[in-house]
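Single-structure report; data block below.
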Amino acid sequence: MTLWRHETRLLLRSRLALVALILMALLSAAAVAAGMAEVARQHAAIDAVAAAQAEDIGAVADYVDRTKDAGSAAYYSFHPTWDSPAPLAFAAIGMRDVAPYILRVRALGLEAQIYDGDTFNPELALPGRFDFSFVLVFLAPLFAIALFHDLKSGEREAGRARMLDAMPGGRRLWFRRAMVRFALLLGALIVPFLVGATLSGVGVGAMLLIVIVAALYLLFWIGLAALVARLGHGSTANAATLAGLWLMLVLVIPTFANVAINRAVPVGQGSEIALAQRERVHAAWEIPREETMRRFYASHPQWSDSPPLPQAFHYKWYFAFHQLGDESVADRVRAYRQGLERRAAMADNLGWVLPSVGVQALLTRLARTDLAAQLAYQDRIRAFHRDLREFSYGYMFRDRPFAKADFARAPRFGAPLNP
């Protein structure tokens, strides 16, 4: 233990090493704090939905109660959906930074509501929000380079390398020095994460897995530094070579791979689906109402015994062509989703070759902030919207009056349909 303590004191006497370790700890702590602040902001936004929803529904209920019109209730009522962040989300914000985690929907056509303003394409491994995953993937390798580029070349340039190699246990000396630097760097990186994870309620198993991933990622860069050192160049040349490798492996190659994947799997924008759905809905005003209802009843026979449309406007016709608008873009929605999933799968496969891509993908998966989590949220929205439509149709297509008390019977997101 005396030798290990001696190596630790020797390392900490180096101003460069001490500054690097302190800076690593500060950056990691800042990233964890920023991630926790963002998650707290998202939690607060989700918590505020309930009060706003009660106020909105109260105003709509007062208006609808005068006419008892179920169509007006369905048209004017917005219903909140939300995707609460997982405990580990603070460490890898992922797609929660670009995709909605709160969406208010109506019983009208859903696809335009989901994809309106959707302009993102999932990125492969480009810099994003400043969080723990950013520090681990993009910054930690630079600190590993700073601490290990001159591990042996520095002693060689100082004229002590041959003497140290000739000493009994020379190999163990280099191992101790490397392990001390590795342990201190890993500690500076991971201790702030462990504090944030504990405060966020992350399970012990997830924390241990992140520690192992971080350690293996640092060991990859340390091993790379050892390979470069074997070329026998000086410390400056080693640092430049490792910096070039960092640039290629962390930024350049992932960026070009992202472009290649996007070209190999062309995917449009979700806003194109929203536009197509809206065009179909707007065109329905020019189609005879009877033709619209015939098409609707063909795919929804459970409502085919509804009374005929009156001469005046009736909301069941309006909601029917909105639903037909959704069904008209169903193939495009399916293709869009499959394209996104193919891109994500190709990026995951690339992660087996590029550690930076693989680590980032693993962190977002564990934090449930990846594409799969966003698509799962959309699935929950669709299931809720289906319940909401069926509830509203039960009044509109049966010409049942809708009173203020019926608002409490409407389905709520995350809760079973009320009887």
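For Arg365 paired with Leu231, estimate the spin-label separation in nm (one decimal), with each label point 7 Å from Cα along the Cα-to-Cβ line.
3.3
Specify the angular offset, from 0 to 90 degrees and rounded to the nearest 10, of the alpha carbon long axis of helix 235-246 from the longest principal axis of the alpha carbons in the chain.
For 235-246 against the chain, the angle is about 20 degrees.
Could you line up Val19, Val64 from fewest to most neighbouring Cβ atoms inside 10 Å?
Working: Val19 11, Val64 25.
With the fewest neighbours first, Val19, Val64 line up as Val19, Val64.
Residue-wise, which Karplus ³J(HN,Hα) couplings in Hz belong to region 256-261, taking 6.51 cos²θ - 1.76 cosθ + 1.60, θ = phi - 60°, and x for glycine or proline?
5, 5, 4, 5, 5, 5
HN-Hα J couplings of region 186-203 from phi, Karplus 6.51/-1.76/1.60, θ = phi - 60°, integer Hz, Gly and Pro as x?
Here the 3J(HN,Hα) series is 4, x, 4, 6, 8, 4, x, 5, 4, 5, x, 5, 5, 5, 8, x, 6, x Hz.
For a label point 7 Å from the Cα of Ala283 along Cα→C-beta, name the residues of region 299-330 whose backbone N is under 15 Å from it.
Answer for region 299-330: 321-330.
What residue among Leu245, Val98, Ala405 has its Cα farthest toward the positive end of the dipole of the chain, where the charges are +1 on Lys, Arg and -1 on Asp, Glu, each on the Cβ?
Leu245
Grab the beta carbon distance between Leu247 and Phe313, set R0 = 45 Å, and tell me the FRET efficiency rounded to 0.05.
On the way: r = 63 Å, r/R0 = 1.41.
FRET efficiency, Leu247 to Phe313: 0.10.
Only Cα pairs under 8 Å and at least 6 apart count here; give the relative contact order of the chain as a rounded whole percent. Could the numbers behind the result be given before it?
Details: 478 pairs, mean separation 116.8, N = 419.
Reported relative contact order: 28 percent.
Going by Cα centres, region 43-113 and region 316-342 are how many Å apart?
21
Measure off 7 Å from each Cα along the Cα-to-Cβ vector at Ala260 and Ala206, then give the distance between these two points in nanometres to one decimal.
With each label placed 7 Å out from Cα toward Cβ, I get 3.4 nm.
So I have (1) 50; (2) 53; (3) 28, and one of them is percent of Cα pairs over 33 Å apart calculated from this model. Which one is it?
Identified label for the calculated read-out: (1).
Once both axes come from the Cα atoms, what is the angle between helix 15-67 and the longest principal axis of the chain, in degrees from 0 to 90, rounded to 10?
10
In degrees between 0 and 90, to the nearest 10, how far off the longest principal axis of the chain does helix 315-328 point, with axes built from Cα atoms?
Compared with the principal axis, the helix lies near 40 degrees.
Under the rule of -39500 (n - 2.57) per DSSP H run of 4 or more residues, summed and divided by the residues of the chain, what mean residue ellipticity at 222 nm is obtained, to the nearest 500 deg cm²/dmol?
Numbers: 17 runs with 275 residues, N = 419.
It lands at -22000 deg cm²/dmol.
What residues qualify as long-range amide H neighbours of Arg104, i.e. H under 5 Å apart, gap of 5 or more or another chain, H built at 1.01 Å from N?
Sorted by chain and number, the residues that satisfy this are Thr81.
Are there chymotrypsin sites (Phe, Trp or Tyr not before Pro) in region 299-346 that DSSP marks as loop and that have at most 15 other Cβ atoms within 10 Å, and which are they? Please list the in-between numbers first.
Values: sites: Trp303, Phe313, Tyr315, Trp317, Tyr318, Phe319, Phe321, Tyr336; in loops: Phe313.
Sparse-neighbourhood loop chymotrypsin sites (Phe, Trp or Tyr not before Pro): Phe313.
Coordinate-derived values only; no laboratory data. The structure displayed is predicted, hence computed values, not measured ones. All Cβ positions, even for glycine, are placed from backbone atoms using ideal geometry, and neighbour counts span all protein chains on display.
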